[in-house]
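First up is the structure itself, then whatever we jot down about it.
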Amino acid sequence: MNILAATSHKARSARELAFMFDIPLASCYRKLRELGASGLIEQEGSELTSDGKRYKVYRSRIGSVTMVYEKGTLHMKVDMK
């Protein structure tokens, strides 16, 4: 949820996300792969650092989530961008 929220308005790199949420970089890449395989996040592009290294940036594909609890049942609707 944190990664999806952080990438909803701005594309971010794995390193940036790992730093934001204080998680190991390897774990962050694993989570990004899982979210990508689910279709919830996508690679938006790649950027170049000042020393010439490329890194990927990711953005959430979720536009909105609506949850309704009615008569003992939870319904969730996810609208994609």
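Restricting attention to segment 61-77, does a residue exist that is in contact with an Asp or Glu (Cβ under 9 Å, 6 or more places away or on another chain), in contact (Cβ under 8 Å) with a residue 24 or more places away in the chain and closer than 16 Å to Met1 by Cβ? Yes; the residues of segment 61-77 include at least one that is in contact with an Asp or Glu (Cβ under 9 Å, 6 or more places away or on another chain), in contact (Cβ under 8 Å) with a residue 24 or more places away in the chain and closer than 16 Å to Met1 by Cβ. Exactly one residue among Met80, Met76, Met1 is open to solvent by 100 Å² or more (accessible area, probe 1.4 Å) and in contact with a strand residue (DSSP E or B) (Cβ under 7 Å, 6 or more places away or on another chain), and that residue is Met76. Just to verify a result, which residue in segment 19-56, among those that are among the aliphatic types (A, V, I, L, M) and within 25 Å of Val78 (Cβ to Cβ), is surrounded by the most Cβ atoms within 10 Å (Cβ to Cβ)? Taking the candidates together, the pick is Ile41. Among the conditions (1) open to solvent by less than 100 Å² (accessible area, probe 1.4 Å); (2) in contact (Cβ under 8 Å) with a residue 12 or more places away in the chain; (3) not hydroxyl-bearing (Ser, Thr, Tyr), the only one that Arg15 does not satisfy is (1).
The values are calculated or read from the model by the stated rules, or taken from the named source; none is laboratory data. The model shown is predicted, which means the values in this text are computed figures rather than measured ones. Here the Cβ is made from the backbone with ideal geometry for all residues, glycine too, and neighbour counts use every protein chain on show. Surface accessibility is based on the protein's heavy atoms, side chains included, excluding ligands, DNA and RNA. Shrake-Rupley method; radii C 1.70, N 1.55, O 1.52, S 1.80 Å.
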